[in-house]
Amino acid sequence: EATVDIDVKSKSSQPHWYERYVQPCVAELLGSALFIFIGCLSVVEDAEDAGRLQPALAHGLALGLTVAILGDI
């Protein structure tokens, strides 16, 4: 009968410094950049028929996309 010893390193309950400090800052930077970039692009060629609806929808969709992508962080 053969037995195999496997050393299992238990993960510490503390997250890595990258996950704790860098990842949230990068997510905030990317989310803000996406939100501002799409919002500004929505009014570059403002259609007269759309009025205030076009920038509002663009900002709403950008915010929803940002939350969907970066919400776990």
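The values are calculated or read from the model by the stated rules, or taken from the named source; none is laboratory data. Quantities reported herein were computed from a predicted structural model and do not represent experimental measurements. Neighbour counts are summed over all protein chains in view; Cβ atoms, including those assigned to glycine, are modelled from backbone coordinates with ideal geometry. Heads up: the accessible areas ignore ligands, DNA and RNA and are worked out on the full protein's heavy atoms, side chains in. Shrake-Rupley method; radii C 1.70, N 1.55, O 1.52, S 1.80 Å.
If you stretched the chain out fully between LEU29 and LEU61, how much longer would it get, using 0.36 nm times the residue separation minus the C-alpha to C-alpha distance? Provide the component values of the computation, followed by the final result.
Values: separation 32, 0.36 × 32 = 11.52 nm, distance 1.76 nm.
Answer, rounded to one decimal: 9.8 nm.
Considering only protein heavy atoms and a 1.4 Å probe, what is the carbon-and-sulfur percentage of the accessible area of the range 16-71? Numbers along the way, then the final one.
Working: 3010 of 4390 Å².
Taking all protein chains in place, the range 16-71 shows 69 percent carbon and sulfur surface.
For the range 16-71, the equivalent ellipsoid derived from the Cα gyration tensor has semi-axes of 30, 10, 5 Å, listed largest first. What FRET efficiency do you get for TYR18 and ALA68 if R0 is 35 Å and r is their Cβ-Cβ distance, rounded to the nearest 0.05? The value I calculate is 0.95.
For the range 32-44, 3J(HN,Hα) computed residue by residue from phi via the Karplus equation (6.51, -1.76, 1.60; θ = phi - 60°) reads 5, 5, 5, 4, 6, 4, 5, x, 6, 5, 6, 10, 5 Hz, glycine and proline entered as x.
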